[in-house]
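*Asks:* Please find one structure pasted underneath; my questions will follow.
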Amino acid sequence: MNRTVKRSVIPASDYVYQTLVGIKTLCGWLDNPSLHEWIEFEADDEPDASGLDDIVMQRMDGQMELIQVKFTVSEFETDYALSWEWLTARKGKRGTSLLEKWTRAFFRVGPGRLARAQLITDRRPDAEFAAQLSAGKVRWDQIDDSLRQELVLHAGGATKAEEFFERF
C-alpha cells in the first residue's frame with residue numbers, strides 16, 4: 001500500500017494521539033479523584049521528569065507517574081516498528097537516544113518516588129522486541145548479551161538498565 005501523508009499532518013496527529021491518552025488519564029482521575037493531587041500535560045516545569053514528561057501525575061501519597069506518548073502515522077510499516085534500533089538511535093544536537101532520555105528522567109525522579117513510568121505508543125513491536133516482552137514489560141533476562149551491553153551503555157550502567165526495564 002502506497003499512501004502519502006502530508007508532513008503537516010504528522011505533528012497534528014501526534015498531538016491528537018497524545019491528547020486522547022491525556023483524556024483517558026483525566027477520565028481515570030474523575031473515576032477516582034482521591035488518587036492524584038494533580039495531572040499535567042507537557043510538564044516542562046517539572047525538570048526531574050524532563051524526557052518522560054508528556055503526562056506527569058502527582059499522586060496523593062507523593063509518588064509520581066510518568067507517561068511518554070509516541071505516535072507514528074505508519075504503525076504497520078516495519079521502518080516505524082517499536083524496536084531496539086528506534087529506542088537506541090541517537091538523535092538531536094547532543095546525540096541522545098530515547099532510551100537515554102527516559103532512563104535519565106526515571107532516575108532523576110528516583111525509583112523510590114516513582115510509582116509508574118510507561119510508554120504509550122501505536123508502534124507495533126518488531127519480532128525481536130516482541131520476543132522480549134511479557135505483560136507489556138521488557139524481560140531483561142530474555143535479552144541476548146550483545147544487545148544487553150548496548151542497552152547498559154544507554155541506561156548508564158547495568159544496575160540502572162535492569163531496574164529501568166523491571167519497572168518501565
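*Asks:* Relative contact order for segment 13-168: what percent, with Cα pairs under 8 Å and sequence separation of 6 or more?
*Replies:* It rounds to 21 percent for segment 13-168.
*Asks:* Put +1 on the Cβ of each Lys and Arg and -1 on the Cβ of each Asp and Glu in the chain; which of Leu114, Ala12, Gly157 then has its Cα farthest toward the positive end of the dipole?
*Replies:* So the residue furthest toward the plus end is Ala12.
*Asks:* Under a plain spin-label model, where a point goes 7 Å from the Cα along Cα-to-Cβ, how far apart in nm are Leu153 and Ser134?
*Replies:* 2.8
*Asks:* So what's the Cα pair-distance distribution over segment 128-168, bin width 5 Å, in %?
*Replies:* The calculated distribution, bin by bin, is 5, 25, 36, 25, 8, 0.
*Asks:* Right, something else. Which semi-axes, in whole Å and largest first, does the equivalent ellipsoid of the chain have when worked out from the alpha carbon gyration tensor as the square roots of 5 times its eigenvalues?
*Replies:* For the chain, the ellipsoid semi-axes come out as 25, 23, 15 Å.
*Asks:* Across every pair of different alpha-carbon atoms, what Kirkwood hydrodynamic radius in Å does segment 33-92 reach?
*Replies:* That comes to 13.6 Å for segment 33-92.
*Asks:* About the Cα centre of the chain, what is the dipole size in debye to 20, counting +1 per Lys and Arg Cβ and -1 per Asp and Glu Cβ, all else neutral?
*Replies:* Computed about the Cα centre, the dipole is about 340 debye.
*Asks:* Here's another thing I want to ask about it. Please work out the FRET efficiency for the pair Asp79 and Glu42, using the Cβ-Cβ distance as r and a Förster radius of 25 Å; give the result to the nearest 0.05.
*Replies:* The pair Asp79/Glu42 has a calculated efficiency of 0.40.
*Asks:* A further question follows. Net charge within 11 Å of Leu147 by Cβ-Cβ distance, Lys/Arg positive one each and Asp/Glu negative one each, not counting Leu147 itself? Provide the component values of the computation, followed by the final result.
*Replies:* On the way: positive: Arg148; negative: Glu85, Glu128, Asp144, Asp145, Glu150.
So the environment of Leu147 carries a net charge of -4.
Just so you know, all these numbers are worked out from the coordinates, no wet-lab data involved. Because the structure is predicted, anything quoted here is derived from the model rather than measured. Positions of Cβ are backbone-derived with ideal geometry, glycine not excepted, and every protein chain shown enters the neighbour counts.
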